[in-house]
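Student: There's a structure below that I have some questions on.
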Amino acid sequence: MIDHYLYLAVILFVIGALGVMIRRNALVAFMSVELMLNAANLALVAFAFQHGKLDGQVASFFVMVVAAAEVVVGLGIIVSIYKTRRSTSVDNANLLNR
Amino acid sequence: MNFEWQALAPVLVVLGAAILGILIEAAAPKAHRFAIQAGVTVVSIVVAATFLVVNWRAGIGGPLAMGSMMLDGPSYFMWGALLVLGLGAILVFAERQLNGGVSAFAASVATVPGSRAEAEASAAKLEHTEVFPLALFALGGMMVFPAASDLITMFVALEVLSLPLYLMCGMARRRRLLSQEAALKYFLLGAFSSAFFLFGVALLYGYAGSFELKAIADAVQNPTMGRGILVAGLAMLLVGLLFKIGVVPFHNWTPDVYTGAPTAVTGFMAICTKLAAVGATLRVLYVALSGERWTWQPILVVLIVATMVVGSVWGLTQTDMKRTLAYSSIAHAGFIMTAVVGASTASPTSPLDSVAAAMFYLVVYGLASIGAFAVITMVRNPSGEANAIASWSGLGRKSPLVAGIFALFMLSFTGIPLTGGFIGKWAVFAAAWQGGFDWLVIVAVVLSLVAAVFYLRIVVVMFFGEPAEGVTVGRASAFTWLPVLVSALGIAVLGVFPGPVLDLATMAGTFLR
């Protein structure tokens, strides 16, 4: 049964990774990163269940807190970019690619 | 519960001062805030370093905080290096004389660049004094990162060091669009790579049933699960670590972020992040996964060769000073990693093992980086820093002292004998050679000759070029001069007389399990 959770976690992680690489909107890319973190959470909890230990479940709380902190910083940066350029497309942020 | 206050004091002082900084932000009057913040920052780092020395001399060590951190030789050495180099880098943050009485950070980051609100904020001489607590938080995370002995602590430390850096990258006073863009790129790619790191942590937890590095090492010796999950976990963990070091193919952010970020922050990032990340990589690979050496060595060797090639060859084509140093930092990441991949242990004939060699190299590279980026803040035209290499032309005639010191840093990056860089290169190459990677050392020596071309080109431009118009050397205060002079002195002394620091690194060079 543990296998199914693990497969789901891997699928979610791959969807997230593809989202970051394919989607051009910084907000959507960021949401995809959050999906990757939650995929890792699912894997942690599933393994904790398999090993009959609690530390994996506790770790998932750490991850949630870190993810929340990341949202604060990330949205701050994305909003400041949006206010300047009226766009959150990562393709428009290309001043440094010269 | 028994809590090791004294052993943890260096980290606690730094993080405590960061929290104190937030309170100061709320309570202190605006006129004095900058001085108070800078003072608290400097004092806290000095106090932390004092605790460190006292603890090291008293021989305090072993597992801390219920086994989540390990205070051993490498931790002590890296904490010491982080505190010294971090202090040098953060001192440059406090420079105000160069900018006409304000710091190099934006007056108000929340305002839109070019708007009236921004003009008003600059006219009112507003300053973001939050950079000091942010830098302290980052420094605290960097100290925990290489000392963490379980993967969850390591992940939290990784985020604690990264998040403030993302913010600081976007806070430049001039060229704010570039700065914001650098912050966005660093943030998105950094968050992406730490998601890989975390999934790697989850897989290794699944494999070993524990987050502790030594439990993972035991599980590698006596496997209870298939190897696939271990190798996948190892690979994903490495993605997160190598991203922070800036190893190819995870180096793409380096040139853009180094160029866009405020130069003082670039200096801080260039060395302190690299030091912490190399330390954590060493600990993960040598403590938890040394039984899997035959898996990670071939992967790393390929990446290292690619890193050195990209760093040295792409560096040749750059026209911007900060971008050139960014490619140089990629090349140096490759040189440091040659020692890591060698995984050589100390023997009576050559007591310098891989850990000691990498740590010594990082110190030498760090001194030169901090000095070089501090000098970059001094060379200016009317609109701010003059970063194009062309505008550094003829600097030797305008200010022989500044150009001479910068040339010394370039020679140390090159690895010319009688500079610290030479001893550092010799140490890492010896460690790689001893680990059985003789061909890699030959490749590395050839590529360091290629990289020498762009360092020496800068020296030639500075001393033999026609003086560029409108570019002057700004009158910097002691906050910039002190790090510049101390790092120049450090490089010269380590080049002629490396014994004490090499001995210290050698003595510190073994991880406890």
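The values are calculated or read from the model by the stated rules, or taken from the named source; none is laboratory data. Note that the coordinates shown come from a computational prediction; the quantities given were computed from them, not determined experimentally. Cβ sites come from the backbone with ideal geometry, for glycine too, and all protein chains shown count toward neighbours.
Student: Out of the residues in segment B:251-281 meeting the condition of being within 14 Å of chain A (Cβ to nearest Cβ) and assigned to a loop (DSSP other than H, G, I, E, B), tell me which one is farthest from B:Ser328 (Cα to Cα).
Tutor: B:Ala261
Student: Return the residues of segment B:155-181 that are in contact (Cβ under 8 Å) with a residue 60 or more places away in the chain, of a type in the set (D, E, K, R) and either farther than 17 Å from B:Glu130 by Cα or not in a loop (DSSP other than H, G, I, E, B) (or both); say none if nothing qualifies.
Tutor: B:Arg174, B:Arg175, B:Arg176, B:Glu181
Student: Taking A:Leu44 as the residue in question, decide whether it is closer than 20 Å to B:Gly233 by Cβ and at pLDDT below 95.
Tutor: Here the answer is no, as A:Leu44 does not meet what is asked.
Student: From the residues in segment A:30-45 that are surrounded by fewer than 21 Cβ atoms within 10 Å (Cβ to Cβ) and among the hydrophobic types (A, V, I, L, M, F, W, C), which one is nearest to A:Leu12 (Cα to Cα)?
Tutor: The extreme case among them is A:Leu35.
Student: To continue, here is another question. Given the residues B:Ala147, B:Ala182, which is the only one that is in contact with a strand residue (DSSP E or B) (Cβ under 9 Å, 6 or more places away or on another chain) and either among the aromatic types (Phe, Trp, Tyr) or within 9 Å of another protein chain (Cβ to nearest Cβ) (or both)?
Tutor: B:Ala182
Student: Test A:Met31 against the stated conditions and say whether it is more than 27 Å from B:Arg176 (Cα to Cα), in a helix (DSSP H, G or I) and out of contact with any His (no Cβ under 6 Å at 6 or more places or on another chain).
Tutor: no
Student: Regarding B:Phe155, is this residue within 9 Å of chain A (Cβ to nearest Cβ), more than 15 Å from the chain's Cα centre (by Cα), farther than 23 Å from B:Ala264 by Cβ and of a type in the set (Phe, Trp, Tyr)?
Tutor: The answer is yes for B:Phe155.
Student: Separate question: Applying the selection to segment B:191-210, what residues are under 14 Å from A:Ser32 (Cβ atoms) and more than 7 Å from chain A (Cβ to nearest Cβ)?
Tutor: Correct list: B:Ser193, B:Ser194, B:Phe196.
Student: State all residues of segment A:59-84 that are farther than 30 Å from B:Leu204 by Cα and more than 8 Å from every other protein chain (Cβ to nearest Cβ); if no residue qualifies, say none.
Tutor: Correct list: A:Leu75, A:Val79, A:Tyr82.
Student: While we're looking at this one, here's another question. Would you check if B:Gly228 is away from every other protein chain (no Cβ under 11 Å), under 15 Å from the mean Cα position of the chain (by Cα) and assigned to a helix (DSSP H, G or I)?
Tutor: no
Student: Hey, another quick one. For residues in segment B:211-223 being touching an Asp or Glu at 6+ places or on another chain (Cβ under 7 Å) and more than 7 Å from every other protein chain (Cβ to nearest Cβ), which is surrounded by the fewest Cβ atoms within 10 Å (Cβ to Cβ)?
Tutor: This residue is B:Val220.
Student: Among what's in segment A:39-88 and is more than 18 Å from the chain's Cα centre (by Cα) and not in a helix (DSSP H, G or I), pick the residue that is farthest from B:Gly190 (Cα to Cα).
Tutor: Checking each candidate, the answer is A:Gly52.
Student: State all residues of segment B:186-196 that are touching a residue at least 60 places away in the same chain (Cβ under 8 Å) and surrounded by fewer than 24 Cβ atoms within 10 Å (Cβ to Cβ); if no residue qualifies, say none.
Tutor: B:Leu189
Student: Next question. May I ask you to say which residue of B:Pro483, B:Pro400, B:Pro498 is at pLDDT 95 or above and farther than 20 Å from B:Val309 by Cα?
Tutor: Among B:Pro483, B:Pro400, B:Pro498, only B:Pro483 is at pLDDT 95 or above and farther than 20 Å from B:Val309 by Cα.
Student: Cβ-Cβ distance below 7 Å, separation of 6 or more or different chains: which pairs start in segment A:22-40 with a residue that is farther than 15 Å from A:Ala68 by Cα and end on one that is surrounded by 16 or more Cβ atoms within 10 Å (Cβ to Cβ) and charged (D, E, K, R)?
Tutor: Listed by first residue and then by second, the contacts come to A:Ala29/A:Arg23.
Student: Still on this structure: What do you reckon, is A:His51 surrounded by 15 or more Cβ atoms within 10 Å (Cβ to Cβ) and at pLDDT below 95?
Tutor: Answer is yes for this residue.
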